[in-house]
1. Helix 70-82 sits at what angle to the longest principal axis of the chain, using alpha carbons and giving 0 to 90 degrees rounded to 10?
2. Report the rotationally averaged projected area of the chain based on its alpha-carbon convex hull, in square nanometres.
3. Specify which residue in the list Trp169, Ala286, Ile84 is farthest towards the positive end of the charge dipole of the chain, using unit charges on the beta carbon of Lys, Arg (+1) and Asp, Glu (-1), about the Cα centre.
4. Choose one of Ala216, Thr54, Ala274: the residue whose Cα lies farthest towards the positive end of the charge dipole of the chain (beta-carbon charges +1 Lys, Arg; -1 Asp, Glu; about the Cα centre).
5. Calculate one ³J(HN,Hα) per residue across segment 119-135 by plugging θ = phi - 60° into the Karplus curve 6.51 cos²θ - 1.76 cosθ + 1.60, and present them in order as whole Hz with x for glycine and proline.
6. For the pair Thr285/Asp175, report the inter-label distance in nm, with labels modelled 7 Å from Cα in the Cβ direction.
7. With the Cα gyration tensor of segment 190-275 giving a ≥ b ≥ c as the square roots of its eigenvalues, does the rule (a/c under 1.5 for rounded; else a/b larger than b/c for prolate; else oblate) give rounded, prolate or oblate?
8. To test your reading of the geometry: what angle, between 0 and 90 degrees and rounded to tens, separates the Cα axis of helix 267-280 from the longest principal axis of the chain?
Amino acid sequence: MSASVTVRVPAKVNVQLAVGAARPDGFHDLANVFLAVGLYDEVTVTPADGLSVTCSGPGAAQVPLDVSNLAARAAAALAGRYGIAPDVRIHIAKDIPVAGGMAGGSADAAGALLACDALWSTGASREELLEICAELGSDVPFSLVGGAALGVGRGEQLTPVEVGGTFHWVFAVADGGLSTPAVYREFDRLTEGTHVPEPVVSARLLDALRTGDTGALAGVLSNDLQAPALSLRPSLAHTLAAGTVAGARAALVSGSGPTTAFLTDDEASARAIADALTASGTCRTARIASSPAPGATIQRP
């Protein structure tokens, strides 16, 4: 057995997040177009006497270190399938914003799952790993596969999406986090008594991704969770405005927030907009990244 296995996992941005009405099970049907972006966590698993989690990096103090951590649950789920004791220490080196709407926890779960699969040599198929991912959470399957994909159902049923170029982003990281369940509850409150249409993917958005057209993509970005996120955190409107004034082609809340995402023309303009956002005082920090990025990847020595 290997001494340890390290997996790198990407953050994501939703370039379209169409949300349907609440289902009887409490979830919502989605048309969710994911792009993996080049901000990464690294998850390292090492044989140990029991299951434990440690964490380092920005926001580490906000990461649960008990069995509720999605990475620990991923290790336990895989171990349970193969009759293995989940005796590993999981170390998460954070660089994806915590509770920021960029699927950092889901990425860590996918990373732990792939790392434990390699450490234990389970021989699990890709389909089995994706099945476990879907059991863990709606965003976890995409964290495993990366690239670009359309997620339907509650977001876990994935179809790859063609991307014909590189897109450049700035992500403004807010102080504190937003609870995804709380944002969905606010969506339900805001839409109560109204007709919520079935979520449908935008053909224009898929065309913009396929052709690599930043201008076209800027015109069709959408997020149905933006209004509830702004309702819960009105200050995000100032961040969105600051990035727009600084020259971003488009601005939106990333997923359930509170991270905000700004589409830019190129890396140079991304750096300028990041500097302007940092100077504006409307966010804690601003990060640049490009997309698409690969999914969970074992790091070779």
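Values in this text are rule-based calculations from the coordinates and carry no lab data. Everything numeric here is computed off the predicted structure, so don't read it as measured data. Virtual Cβ from ideal backbone geometry, glycine too; neighbours counted across all protein chains shown.
1. On a 0 to 90 degree scale, this one is about 40.
2. Over all viewing directions, the chain projects a mean Cα-hull area of 15.2 nm².
3. Ala286
4. Checking the options against the dipole of the chain, the answer is Ala274.
5. 3J(HN,Hα) across segment 119-135, in whole Hz: 4, 8, 6, 6, x, 4, 6, 4, 5, 5, 4, 5, 5, 5, 4, 5, 5.
6. 1.6
7. Cα axes put segment 190-275 in the oblate bin.
8. With both axes taken from Cα atoms, the answer is about 80 degrees.
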